[in-house]
Amino acid sequence: MGIEKIDFNELYKKQKQNSTFKPKSVEEWDKKAPNISKRIHKSIYNEELLNLMDFSGCETFLDVGCGVGNISLLVANRFKSVYALDFSKVMLKEVENEAKKRDIDNIKTIHLSWEDSWDTVPNADIILASRSMEVNDMRDALEKLNKKANKRVYLTYKVGGSFISDDILKFIGKKINKKPDFIYTVNILYQMGIMPKINYIKSEGKKKQYDSEDSFINSITWSIGELTDTQIELLKTYYHTKLEDDTSSSNYLCWAVICWDKKSAPCL
């Protein structure tokens with residue numbers, strides 16, 4: 001069977017549905033927003049992503065799934081207008097508060113989700129979906145991004161299909177069904193007639209993002225759901241014996257940066 005006969009979007013949907021990593025509600029993200037805001041503005045991820053982006057000839061920027069605005073705030077001085085879109089009102093309030101602290105006045109927040117109509121969303125020269133592509137229908141999401149972009153689209157997607165490292169899962173004896181990996185997105189774009197460029201960047205991983213035993217356990221359960229008492233005790237052991245002593249590259253998460261230029265892409 002040739003690749004043209006494979007429906008990668010349907011395969012994506014099936015694996016997404018079967019994944020242990022279930023979508024979070026807006027209420028869950030609202031609750032998590034203040035804690036995210038405390039650490040994400042200092043993440044190495046921000047600069048690594050910005051170093052790969054081409055801002056030349058662009059005046060407007062749309063940040064889809066902007067969260068607390070870690071990217072929107074950093075690029076605001078490069079554009080006339082920045083639009084920060086998210087489905088969490090608390091996240092958007094964090095963006096507005098931080099913008100005020102930094103005396104930034106060109107960021108406009110937009111309260112919408114992936115599933116909502118984007119008819120009222122303005123087109124922008126650059127569209128970014130940074131760590132926000134946990135969508136039920138990948139092709140529909142990609143088409144929305146492409147339609148709203150005047151010049152370039154950037155998105156990032158976790159590499160490996162899991163937010164929890166294999167060594168942690170093995171240590172606590174937890175089996176999971178991984179979420180669709182980034183390659184689904186690349187294949188769906190190919191079938192849309194888009195041939196993207198792919199790079200890879202890092203963000204803080206299992207060691208640097210946890211400042212306590214409780215934050216470590218809470219982060220794991222946030223990702224994969226409830227654990228047994230035995231698994232929780234094993235996580236405590238892991239935190240105090242393996243996590244604090246681990247200096248390997250596994251302390252970082254890897255993200256694929258997938259991008260395309262609408263004018264120069266040969267198939268568009």
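The values are calculated or read from the model by the stated rules, or taken from the named source; none is laboratory data. From a predicted model like this one, the values you see are computed outputs, not experimental measurements. Because the Cβ atoms are built from the backbone with ideal geometry, glycine has one as well, and the counts that use them run over all protein chains shown.
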Sole residue being among the charged types (D, E, K, R) and in contact (Cβ under 8 Å) with a residue 40 or more places away in the chain, chosen from 47, 4, 27:
4
Test for residue 217: is it assigned to a loop (DSSP other than H, G, I, E, B) and surrounded by 18 or more Cβ atoms within 10 Å (Cβ to Cβ)
no
Mind checking which helices (runs of 4 or more DSSP H) fall wholly inside region 32-128 and carry at least 1 residues that are more than 27 Å from residue 223 (Cβ to Cβ)?
70-75, 89-101
If you take the residues of region 82-116 that are small (Gly, Ala, Ser) and farther than 25 Å from residue 59 by Cβ, which of them is surrounded by the most Cβ atoms within 10 Å (Cβ to Cβ)?
88
Residue selected from region 1-29 under the condition among the charged types (D, E, K, R) and within 18 Å of residue 223 (Cβ to Cβ), by the criterion surrounded by the fewest Cβ atoms within 10 Å (Cβ to Cβ)
27
Does region 125-133 contain at least one residue that is exposed (fewer than 15 other Cβ atoms within 10 Å of the Cβ) and either in contact with a Ser or Thr (Cβ under 9 Å, 6 or more places away or on another chain) or touching a residue at least 12 places away in the same chain (Cβ under 8 Å) (or both)?
no
Unique match (being buried (at least 16 other Cβ atoms within 10 Å of the Cβ), modelled with pLDDT under 85 and not in a helix (DSSP H, G or I)) among 206, 179:
206
Taking region 147-198 and keeping only residues that are of a type in the set (S, T, N, Q) and either more than 25 Å from residue 82 (Cα to Cα) or under 17 Å from the mean Cα position of the chain (by Cα) (or both), one is left with 156, 162, 165, 177, 185, 187, 191
Out of (1) of a type in the set (Asp, Glu); (2) modelled with pLDDT under 95; (3) touching a strand residue (DSSP E or B) at 6+ places or on another chain (Cβ under 9 Å), what's the single condition that is false for residue 54?
(2)
Out of the residues in region 142-176 meeting the condition of being among the aromatic types (Phe, Trp, Tyr) and crowded, with 20+ Cβ neighbours inside 10 Å, tell me which one is nearest to residue 263 (Cα to Cα).
154
